[in-house]
Structure formats: structure tokens, C-alpha cells
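Just so it is clear, none of the values below were taken in a lab; they were calculated from the coordinates. None of the values given here were measured: they were computed from a predicted structure. Neighbour counts are summed over all protein chains in view; Cβ atoms, including those assigned to glycine, are modelled from backbone coordinates with ideal geometry.
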Amino acid sequence: MYRKWTKEEDFYLKNMVTCLKAKEAAEALGRGKSAVSHRSIKLGLKWCYNWDEKDDYSFKCNYERIGCKATAALLNKSPQAIAQRAFNLGLKAPIFRKSNINKI
């Protein structure tokens with residue numbers, strides 16, 4: 001059932017967007033992640049997806065070797081987040097050919 005967004009919830013989103021993930025904000029507000037994501041878009045907010053040094057190291061070591069989906073599973077992040085991070089870092093996705101599949 002749809003529940004209207006309050007001014008307080010909007011204020012919370014605007015102030016927490018830089019330090020929380022959408023999933024965490026959804027839990028705090030008692031709403032679904034999808035609802036929080038859609039409301040954030042409507043408010044023009046962009047969520048901060050922090051990458052710590054450990055994540056970046058694992059990402060750089062694995063992305064070009066195992067690809068987007070496997071790296072996403074390894075780091076517990078979405079394939080979209082992985083693809084965006086690769087783009088930001090200028091990394092190329094691996095090209096899988098029969099000759100190098102066994103090397104993985």
C-alpha cells in the first residue's frame with residue numbers, strides 16, 4: 001500500500017544521502033529500497049556508494065581477470081556499481097575466449 005512521503009522523511013533523505021546507502025535509509029525509514037531510490041531520484045539526490053581501500057584493491061585485482069558479474073558477487077555489490085567503478089577507473093572488461101577460459 002502506498003504511503004505518502006512526509007517532509008521529515010524528505011529531510012532525512014537529503015541529509016543522509018552522503019553517509020548511508022539506500023538500503024540502510026530504507027530500513028531506517030521503514031520503506032522499501034525501491035521506494036527510497038525512486039524518491040531520491042524525484043528529489044534529485046545521488047547516493048554515495050563508498051569504496052574503501054580493501055574494496056578498491058580487490059576490485060582492481062579481479063575485475064579485468066574475472067569480469068563484472070563475478071566481481072560483483074565477490075564484493076557484494078551490484079553489477080551496475082561494478083561497471084560504473086570500472087568506467088571511473090578506466091578499466092576494461094575482460095574478453096572471454098575459449099582459449100583463455102581455462103586460465104580463470
Candidates per chymotrypsin sites (Phe, Trp or Tyr not before Pro) in the stretch 1-68, loop by DSSP, up to 10 other Cβ within 10 Å:
Y2
If you build the convex hull over the alpha carbons only and average its shadow over all orientations, what do you get for the chain? Give it in nm² to one decimal.
8.5 nm²
All-pairs Cα distance distribution in the stretch 53-101, expressed in whole percent, bin size 5 Å
5, 23, 35, 23, 9, 5, 0
Mean-position separation - Cα centroids, the stretch 24-39 and the stretch 60-90, in angstrom:
25 Å
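Step through the table entries K69/K92; K33/K92; K21/K46; K60/K92; K42/K69, compare each Cα-Cα distance with 19 Å, and write down the pairs that go over it. Working shown, then result.
Details: K69/K92 14 Å; K33/K92 30 Å; K21/K46 10 Å; K60/K92 11 Å; K42/K69 29 Å.
Table pairs above 19 Å Cα-Cα are K33/K92; K42/K69.
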R0 of 35 Å, Cβ-Cβ distance E64-K21: FRET efficiency to nearest 0.05
0.85
